[in-house]
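The values are calculated or read from the model by the stated rules, or taken from the named source; none is laboratory data. Quick caveat: nothing in here was measured; it's all calculated off a predicted structure. Heads up, the Cβs are rebuilt from the backbone with ideal geometry, glycines too, and the neighbour counts pull from every protein chain shown. Note: accessible area is taken over every heavy atom of the protein model, side chains too, but ligands, DNA and RNA are not part of it. Shrake-Rupley method; radii C 1.70, N 1.55, O 1.52, S 1.80 Å.
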Amino acid sequence: MPDGLTLFERAARGERGHPTPVWIMRQAGRYLPEYRALRRKVDFLTATKTPELAARITLQPMERFDLDAAIIFSDIMTPLEGMGVSLRFAPGPVIDDPVRSPSQARTLRPLDAEEHVPFVTEAISLVRSELSHDRAVIGFAGAPFTLFCYLVEGGGSKDFMEARSFLRAEPEAAAHLLELLGTSMARYLTAQARSGADAVMLFDSWVGLLDAGTYRRRVLPLLQRVVADIKAEVDRPVIYFANGGNHLLEEAARVGADVLAVDWTVPLSLAVDRLGTATVLQGNLDPSYLFADRATLGSAIDRVLSEGAAAAAHVFNLGHGIHRTTDPDQVAFLVDWVHERSAT
Ligand code: 1CP
């Protein structure tokens, strides 16, 4: 184990230590008054494309809370613009001209990270140089299937029926699109690691919509290649978040990521029973517990910590993004409670 690694990196590389590292999905964002103040002056896309602003927003939660890792302020949709997709946020992503035919799928080009997303890699370098060396910087990208969902649907959806139908109606065009997204995101994450990200994360927010067989045939081999491509270039832990993936857990564990992140419907102890004790887990407190009184919140955190104790190592997080109406004081309590209760 190399010296000088942060608590987060040690856990992500499978070393069980104390205390348990903690960070929070969507920790930079709308529940923070300082984020809302900044966003009154600048729109979301501009904030993500201005490295100084993106770095400042990334660091906002780090100044308030004793978090072990910063996640770069950006969006999973950001790199798609460079691939030829026109995009706006309202407040979720909207694609006015979604991909609905094989010919449209063929017009997209692979991402060139240097040319298309220099603002992301610059923001990462800035954050890395400003953040204390005992805190990690996490870069991220959308996983191919989740990006495919937004690209074909044109925006958020409960069931992404357009995207799932495209997968069945146009299997070749869908495979081409997924491949292109996979290759592009592998390059994107490699570029983020090279500019200072200590770990990289793939968000598969909508993968739970797939049955296990479809996942195994059409998504898993691609994800395995994406992770292998990143690992061939940079020695950084990869986190894979399989949201809604309780029925895909065994498959998701085969992606080759160092850390498997799960939502709150998968008790960590059950994940250990199913996957064995060699897997590093991240998660998975239900974000709604942040609205409970402190006794309830504290015991829910204790439960997640004790269930995570059987895994190879554990990175504490919520099971999905923090809700925008959350009280920041509850977050401060959570972070300190995790550290205190896992100190020895
Ligand atoms: O109005 C605003 O300020 C925009 C709200 C917002 C923010 C703060 C969006 C639009 N994206 C973000 C930032 C963001 N998105 C981060 C920043 C870093 C951090 O975590 O602190 C990250 C990691 C994301 C990732 C992201 N975007 C995901 C994957 C994680 C997840 O929640 O499952 C997804 C699915 C998106 C799409 C997206 N972008 C924004 C919204 C509101 C959505 C969800 C749209 C939907 O499907 O309804």
Tilt of helix 328-341 relative to the longest C-alpha principal axis of the chain, in degrees (0 to 90, nearest 10)?
60
What is the angle, in °, between the Cα long axis of helix 118-130 and the longest principal axis of the Cα atoms in the chain? Nearest 10 is fine, range 0 to 90.
10
Mind ordering 96-102, 310-316 by average Cβ neighbours within 10 Å, highest first?
310-316, 96-102
Percent antiparallel among DSSP beta bridges confined to the chain, rounded to 5, stands at 10
In order over the range 34-43: 3J(HN,Hα) from phi, Karplus 6.51/-1.76/1.60, θ = phi - 60°, whole Hz, x for each Gly or Pro, gives 5, 5, 4, 4, 5, 5, 5, 9, 9, 6
Angstrom value of the Kirkwood radius, inverse mean 1/r, which spans all Cα pairs in the chain
20.1
Amide hydrogen neighbours beyond the local backbone of G245, cut-off 5 Å, H modeled
D263
What percentage of all Cα-Cα pairs in the range 85-200 are separated by more than 17 Å?
60
Distance (nanometres) between label positions extended 7 Å along Cα→Cβ at R194 and T46
3.1
Accessible area (Å², per residue) of the chain, counting only protein heavy atoms and a probe of 1.4 Å:
40
The long-range amide H neighbours of A70, using H built 1.01 Å from N in the peptide plane and a cut-off of under 5 Å, are A136, V137, I138
If each part is reduced to its alpha-carbon centroid, the range 208-273 and the range 292-320 end up apart, in Å, by 21
Check: the range 7-341 dipole with +1 on Lys, Arg Cβ and -1 on Asp, Glu Cβ, in debye
340
Amide H proximity to T279 below 5 Å, modelled H, separation 5+ or other chain, gives A312
In the chain the accessible area split gives carbon plus sulfur, as whole percent at 1.4 Å, a share of 50
